[in-house]
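The values are calculated or read from the model by the stated rules, or taken from the named source; none is laboratory data. Just so it is clear, the structure is predicted and the values come from calculations on it, not from any experiment. A quick note on method: Cβ atoms are made from the backbone with ideal geometry, for glycine too, and the neighbour counts reach across all protein chains shown.
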């Protein structure tokens, strides 16, 4: 188990990034698996490995590789590419995240890890608390289309290739799982109040469990 650690999860477009930024406003460090993965994907290091693995597929090794729309289209349409990305990137993301966590946990009451596929990868047992960010599917689709310039089909593909929302929200009945509802587009005050409530809860929990000093985190 990663002690003094809260894992944030939720579907694409649910608001994980917005919520994690709110936690960072309370001096809580955030390690985002998606950010780490994107840094790897759009690096020359990864491109060189793609060139080697897909040397017979010219479309994979042209100059458009670093264009997100191009890469997204390739990913959606090719199971082989999906498996390669997963087998290559996921282990690297885990290693980098753990290294960052080790350097941060010594100086903070707890650390946030943002892990979109936490339940899909069965990682829930490794954390003190899990915080699900929940949104209606139609709200997720609207956000993703606007944020990432996706088509309706692309947004739906990503949403429905993750764990079903119904199955994810059922996890809230597990003892160490919390949930934040994020279905409003513009109501940041309500969202911030939910985050503040969870932050105080986590500080008190970490204090009870690990006897940390709380004064500077309120």
Task: Conditions (1) at pLDDT 95 or above; (2) buried (at least 16 other Cβ atoms within 10 Å of the Cβ); number of the one not met by residue 206 - done: (1)
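Of the residues 99, 113, 123, 118, which is under 14 Å from the mean Cα position of the chain (by Cα) and over 24 Å from residue 191 (Cβ atoms)?
Being under 14 Å from the mean Cα position of the chain (by Cα) and over 24 Å from residue 191 (Cβ atoms) holds for just one of 99, 113, 123, 118, which is 123.
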TODO: Within the stretch 149-162, work out how many residues are touching a residue at least 40 places away in the same chain (Cβ under 8 Å) and surrounded by 15 or more Cβ atoms within 10 Å (Cβ to Cβ).
DONE: 7
Task: Filter pass, residue 69 being in contact (Cβ under 8 Å) with a residue 12 or more places away in the chain, outside any strand (DSSP E or B) and surrounded by fewer than 16 Cβ atoms within 10 Å (Cβ to Cβ) - done: yes
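Would you check if residue 67 is more than 30 Å from residue 211 (Cβ to Cβ) and assigned by TED's automatic domain parsing to the domain that holds residue 197?
So residue 67 does not fit the description; no.
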Task: Criterion (in the same structural domain as residue 172 (by TED's automatic domain parsing) and either free of Cβ contacts under 8 Å to residues at least 40 places away in the same chain or touching a strand residue (DSSP E or B) at 6+ places or on another chain (Cβ under 6 Å) (or both)) met by exactly one of 95, 129 - done: 129
